[in-house]
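Everything on this sheet refers to the single structure shown next.
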Amino acid sequence: MNLFLDSAALEEVSDASELGLLDGVLVRPAALAEAGPSGLDATMRHFRTLAELTDAPVLVPAPSAAPTDADALIHDGELLTDLNPNVVLSLPLTRAGMRALSFFGEKGIKACATGIASVAQAVLAARVGAAFIQVPVGRLEREGQEWLRLLEQLVTVYDNYSFSTLIVAEGIRTPLQLALCAEQGVDVVACHAALLYDQLAV
């Protein structure tokens, strides 16, 4: 199981990388807003710096495109690939997002599908070549949905059909959630730095 840091803070990413706890970074829009970059140029510089801190995937939201504009999403993805090969565009599973995922899949460019809440959505994303899917464990749990059962189904289905798409369980808040994801064979768990550091002896 790989550990992704759920953060856009440069210091947090640098610290986790130095401790050898970093297999990747997941940047949510809210975390990006907290980190401070404003405007396209500043955001792109921030993404580049994050990618330079670790030789691992950095999943980022579209810096400028609307989720309903496929051409703009594709343009953003190409800009991010040129910025650093480790920067991976995260796309919503809208019609425009699917078109962009399909485009990137055909080009061999890594992209991530976000907000996956069903097996059907996960299959669609994998079929068009998404490199990652994000399952919002925290949100699903708040909504009373059986997120653990969903992860179990996704692992089974992806194994059955040999999909190479990696499952990212994001929004992990507790050691129990992390352990349950590990038991299910989830590829990636994304959590905040505090959850990792709390497991270390003082």
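In segment 144-190, what percent of the accessible surface is made up of carbon and sulfur (1.4 Å probe, ligands and nucleic acids excluded)? Intermediate values should be presented prior to the final figure.
On the way: 1150 of 2340 Å².
Result for segment 144-190: 49 percent of the exposed heavy-atom area is carbon or sulfur.
Run the accessible area of segment 81-124 with a 1.4 Å probe and give the carbon-and-sulfur part as a rounded percent.
With neighbouring chains kept in place, the figure for segment 81-124 is 53 percent.
Cβ neighbours within 10 Å, averaged per peptide: list 34-44, 171-181 in order, most packed at the top.
Numbers: 34-44: 13.6, 171-181: 17.2.
Per-residue mean Cβ counts within 10 Å order the peptides as 171-181, 34-44.
For residue 117 and residue 18, what does the FRET efficiency come to when R0 = 30 Å and r is the distance between their Cβ atoms, rounded to the nearest 0.05? List each step's numbers first, then the result.
Numbers: r = 35 Å, r/R0 = 1.17.
Calculated transfer efficiency: 0.30.
Let me check I've understood the local charge: for residue 106, count other residues with C-beta under 14 angstrom from its C-beta, Lys and Arg +1, Asp and Glu -1. What total comes out? Show your work: numbers first, answer last.
Values: positive: 99, 107, 110, 127; negative: 78.
Charge balance near residue 106 sits at +3.
Work out how much length residue 48 to residue 142 would gain on full extension: take 0.36 nm times their residue separation and subtract the Cα-Cα distance, in nm to one decimal.
Values: separation 94, 0.36 × 94 = 33.84 nm, distance 3.32 nm.
That works out to 30.5 nm of additional length.
Quick check for you: with a 1.4 Å probe and neighbouring chains kept, what is the accessible area per residue of the chain, in Å²? Show your work: numbers first, answer last.
Numbers: 9720 Å² over 202 residues.
Per-residue value: 48 Å².
First check a/c for segment 31-87, with a ≥ b ≥ c the square roots of the eigenvalues of its C-alpha gyration tensor; if it is under 1.5, answer rounded, and if not, answer prolate when a/b is larger than b/c or oblate otherwise. Intermediate results must be reported in sequence, preceding the final value.
Values: a/c = 2.00, a/b = 1.26, b/c = 1.58.
Oblate, because a/c is 1.5 or more while a/b does not exceed b/c.
Can you give me the long-range amide H partners of residue 166? Hydrogens built in the peptide plane at 1.01 Å from N, cutoff under 5 Å, separation of 5 or more residues or another chain.
Sorted by chain and number, the residues that satisfy this are 132, 133.
The values are calculated or read from the model by the stated rules, or taken from the named source; none is laboratory data. Predicted model, so just to flag it, every value in this text is computed and none were measured. Positions of Cβ are backbone-derived with ideal geometry, glycine not excepted, and every protein chain shown enters the neighbour counts. Surface accessibility is based on the protein's heavy atoms, side chains included, excluding ligands, DNA and RNA. Shrake-Rupley method; radii C 1.70, N 1.55, O 1.52, S 1.80 Å.
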